[in-house]
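I have placed the structure first, in the form of structure tokens, so that the comments after it can refer back to it.
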Amino acid sequence: MIELTVNSNAPAAISNAFRKISDMVKSGAIENNTLVHIVLGKGVYSELLSYNLTNPLIMEAAQGIPRENCVIRAENCEAFHKDTENRSVFVIGPNATFVTLKGFTIQNTHVKTLSDEKLGNQAEALCFHNYRGVLTAENMAFFSHQDTIHVKGFSHFKNCYVEGDVDFIWGYCDTSLFEDCTIHTTQDNRGDCTAYVLQSRALNRRRGFIFKNCEFTAFPRENAKIYIARSAGTGKIDSKDRWDSVALINCTVSDSYAPEFFTDEDGTREVFPKGSALVGWREYGTKTRKADGSVVASDTSKRYKMAYVMSDEEYKMNYESTETILRDFPKSK
């Protein structure tokens, strides 16, 4: 293992650390599978980051620093750099293997200034542009407005905070597990616009996005609805991805969210597949948090027509154990 400690007072401190590791691999000073451990000092790092090495990476805030006091912050968006893998604050590329992020914040500071039709507002904080590796995020915070987190392949978010307003968790994932996380729909700077937490484009017949023991909170809208998910609208039985697969497992959802949870946007987006225990829009054990703070069992009778409520047996077989959910994840050697 090689360990590097970086300081926010140094310009491009994290980028230079990544470059140093790359140079060491090219020179033969370390192998391309040597574990890299980067420790971040307190402060704000104003950088756009890209990590695309095969070296396993652990990047974390120094011990004792709260995540709000160790921040990677920058502005980027589709209007600045085209395509998902270019418009985030931190992109993890297709060559990465095992990446673990711990105890800090990533923020894309872009504020919406263009109409959605011009595709200028997508602004990821984190892009996991990788089908073969595994991303693990622990005690992290992610801030943006539209498209805050984009993931492919396999990822596991534990005790994280994620904030945004439109499709702020999305991607072409196999399995992306959010466990004990807070998912917050924030105020849209354009006004009372309809909000969506998710747009799943999950791989064919894979489990997609799973939220276990998470809390969904929201800045209330007076004249617009807030949904858990909207359809990508292009999933088919033989398509390799774009399946509408989202599971809520023992989650608590603010009553600011529309009781339908899921939407086809007035029939303009075809939903596929119909929910079942393993794919589609599905839930188990959902609770509703009312405005006064009280929590009650959720009334699922008003859910979108293709959503599915799992049985106790289906829950126990497929979701009760975190290990069961992660069973297909690639394993480090």
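The values are calculated or read from the model by the stated rules, or taken from the named source; none is laboratory data. Fair warning: this is a prediction, and the values are worked out from it, not measured in the lab. Backbone-built Cβ (ideal geometry, glycine too); neighbour counts: all protein chains shown. Remember, those area values only see protein heavy atoms, side chains included, never the ligands or the DNA or RNA. Shrake-Rupley method; radii C 1.70, N 1.55, O 1.52, S 1.80 Å.
Worth a mention:
- Overall form of the range 207-257 per C-alpha gyration tensor (a/c, 1.5; a/b vs b/c): oblate
- Cα shape, the range 172-259, gyration tensor, a/c 1.5 rule: oblate
- Derived scalar couplings between HN and Hα for the range 287-301 equal 10, 10, 9, 7, 4, 7, x, 6, 10, 10, 4, 6, 7, 8, 5 Hz in order, rounded to whole Hz, by the Karplus curve 6.51 cos²θ - 1.76 cosθ + 1.60 (θ = phi - 60°), x for Gly and Pro.
- Option label - volume of the Cα convex hull per residue in Å³ computed here, alternatives [x] 219; [y] 164; [z] 140: [z]
- Spatial offset of the range 244-279 relative to the range 33-70 amounts to 34 Å, using the alpha carbon center of each.
- PHE80, PHE262, reordered so the largest accessible area comes first (probe 1.4 Å): PHE80, PHE262
- Partner lysines whose Cα lies under 26 Å from the Cα of LYS102, excluding those fewer than 8 positions away in the same chain, are identified as LYS20, LYS42, LYS152, LYS158, LYS212, LYS331, LYS333.
- Rounded to 10°, Cα long-axis angle of helix 13-27 versus longest principal axis of the chain: 60
- Judged by the mean number of other Cβ atoms found within 10 Å, the most tightly packed of the peptides 203-215, 309-321 leads the ranking 203-215, 309-321.
- Surface share of carbon and sulfur [accessible, 1.4 angstrom probe, percent] for the range 245-298: 49
- Highest mean packing first, where packing is the average number of other Cβ atoms within 10 Å per residue, the peptides 243-249, 57-63 line up as 243-249, 57-63.
- Gyration tensor verdict on the range 124-181 (Cα atoms; rounded if a/c is under 1.5, prolate if a/b is larger than b/c, oblate otherwise): oblate
- For the range 197-283: accessible area per residue (Å², 1.4 Å): 37
- Sequence-ordered 3J(HN,Hα) estimates for the range 56-63 from the Karplus curve with 6.51, -1.76 and 1.60 and θ = phi - 60° stand at x, 10, 10, 10, 8, 5, 4, 4 Hz, glycine and proline given as x.
- Per-residue [θ]222 nm for the chain (sum of -39500 (n - 2.57) over DSSP H runs n ≥ 4, rounded to 500): -2000 deg cm²/dmol
- Relative contact order (%) - criterion: Cα under 8 Å, at least six apart; region: the range 221-309: 32
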